[in-house]
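Please read the structure below before turning to the comments.
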Amino acid sequence: MKVLVVGNGGREHAMAWKLAQSPKVQQVFVAPGNGGTARDAMLQNIPLTDIARLRQWALDNQIGLTVVGPEAPLAAGIVDDFRAHGLRIFGPTQKAAQLESSKAFSKAFMARHHIPTAEFDTFTDAALAHAYVDRMGAPIVVKADGLAAGKGVVVAMTLAEAHEAIDFMLLDNTLGVAHNAGGARVVIEEFLQGEEASFIVICDGQNVAAMATSQDHKRLLDADQGPNTGGMGAYSPAPVVTAEVHARAMREVILPTIRGMEKDGIPYTGFLYAGLMIDEQGRPKTLEFNCRMGDPETQPILMRLKTDFLEVMLAATSLGLDKINMEWDRRVALGVVMAAAGYPMNPRKGDVINGLPKDAEDAMVFHAGTTAQDGKTLTSGGRVLCVTALADSVRLAQQKAYETLETIGFDGMQYRKDIGYRAIKH
């Protein structure tokens, strides 16, 4: 079978790499792909991003399955378009993807279906938003309503930061948020205490299968300092998600969401990622939903998946997830993100990357912001690589990942030296 993976990040590199391991896969195409997928003989980049052209290409080339990585094509309706032309595609429809593409939709949905989340209110008027913040006090969380590539959330520790975020999102829009209908909106919600975890499941419209647990590091600098990013590293499993927390998350968050979407006439297919805040009593609250696997969580999770990923995807696109039993490597996988100079605000592009190691069974370098040019690999985005390793403990996986990245170099590169420290503390 010929398979197409849509996207150009580290998540898509990991998905394509995993799908290519299936004995049933003849060829994996990645649209548009990156410098890492270009280096892999099992993968082929297709320089297309336009949905209609991509669909026509998939029809012409008899693609048996398409897997969508990032949020933008999902929010733009790629699943609806491919399905309307008889193509098998894994991901949520445009309506279902509103769980991610509209914070306002998702918060109203959670309130309606009694899914635990932070108290909130939604504003289009800056003056009303400022008044609400003054009334509620800080710390408080301000979120842009729209796709913001992981950067539309400000955790304001002071009132001044909250007011600045409101002006940023409602008046200036310097974040480049893709606003939903009706213009700029913000969701302002209470600040939750606890430990954050990524809870990712696969849904086929009715059945749900949980992926391995994971946790990522959002802040740029060691010890969770510095600005928020799309994620500077991740590991799987996440010790904070105990068996009891796992059962509660499924019972109180995931299943009510899938049943709620069904009840609202929007059956949910695809990856569903609940960002959870887990308090000291082990009670999860939903910070946000994403309609895709996380990046960089995908890289460690798929390093641990032992089941044929193609079989999982085929079951998930034919109401067959209840017949699949996913098996996981007992070892810990840990990924360290290497970011470009100037990330997250102004990442520099075009720096040459040297010293990329060969792929190994227990260590992989997944590419995100890279491009292949004249036989060289260059930086082309904020998060450049995710160096991911498998070992018997968090400490050993951490050691292996950092050893692997020692040979890699590019100007201005930045990475955290402490990925996994929370898991070591547990």
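Could you count how many residues in region 224-271 are surrounded by 14 or more Cβ atoms within 10 Å (Cβ to Cβ) and on the phi > 0 side of the Ramachandran plot?
5
Of the numbered conditions (1) in contact (Cβ under 8 Å) with a residue 60 or more places away in the chain; (2) open to solvent by 40 Å² or more (accessible area, probe 1.4 Å); (3) in contact with a Leu (Cβ under 9 Å, 6 or more places away or on another chain), Ala274 fails exactly one; give the number of that condition.
It fails just one condition, (2).
State whether one or more residues within region 222-236 are touching a Phe, Trp or Tyr at 6+ places or on another chain (Cβ under 6 Å) and within 18 Å of Pro284 (Cβ to Cβ).
Among the residues of region 222-236, not one is touching a Phe, Trp or Tyr at 6+ places or on another chain (Cβ under 6 Å) and within 18 Å of Pro284 (Cβ to Cβ), which makes the answer no.
Among the residues of region 407-416, is there at least one that is among the aliphatic types (A, V, I, L, M), within 13 Å of Gly335 (Cα to Cα) and not in a strand (DSSP E or B)?
no
One line per residue, one yes/no per condition, for (1) acidic (Asp, Glu); (2) free of Cβ contacts under 8 Å to residues at least 24 places away in the same chain:
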site: Glu100; (1), (2): yes, no
site: Phe120; (1), (2): no, no
site: Ala129; (1), (2): no, no
site: Gly137; (1), (2): no, yes
site: Lys143; (1), (2): no, no
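Conditions first: (1) touching a helix residue (DSSP H, G or I) at 6+ places or on another chain (Cβ under 8 Å); (2) over 21 Å from Val394 (Cβ atoms); (3) open to solvent by less than 10 Å² (accessible area, probe 1.4 Å). Ala340 passes all but one, so which condition is the exception?
Checking Ala340 against (1) touching a helix residue (DSSP H, G or I) at 6+ places or on another chain (Cβ under 8 Å); (2) over 21 Å from Val394 (Cβ atoms); (3) open to solvent by less than 10 Å² (accessible area, probe 1.4 Å), the one that fails is (1).
With the checklist (1) touching a strand residue (DSSP E or B) at 6+ places or on another chain (Cβ under 8 Å); (2) among the acidic types (Asp, Glu); (3) open to solvent by 10 Å² or more (accessible area, probe 1.4 Å) in hand, flag the one item Glu311 doesn't pass.
So Glu311 meets the others, but not (1).
All but one of (1) touching a Leu at 6+ places or on another chain (Cβ under 8 Å); (2) surrounded by 22 or more Cβ atoms within 10 Å (Cβ to Cβ) hold for Met326, so report the exception by its number.
All conditions are met except number (2).
Which of the strands (runs of 3 or more DSSP E) found entirely inside region 136-231 contain at least 2 residues meeting this: at pLDDT below 95 and under 30 Å from Leu319 (Cα atoms)?
Those strands (runs of 3 or more DSSP E) span 195-204.
The values are calculated or read from the model by the stated rules, or taken from the named source; none is laboratory data. Model, not experiment: these values are computed from the prediction. Quick reminder, even Gly has a Cβ in these numbers, built from the backbone with ideal geometry, and neighbours come from all protein chains shown. We work out accessible area using only protein heavy atoms, side chains counted, and drop any ligands, DNA or RNA first. Shrake-Rupley method; radii C 1.70, N 1.55, O 1.52, S 1.80 Å.
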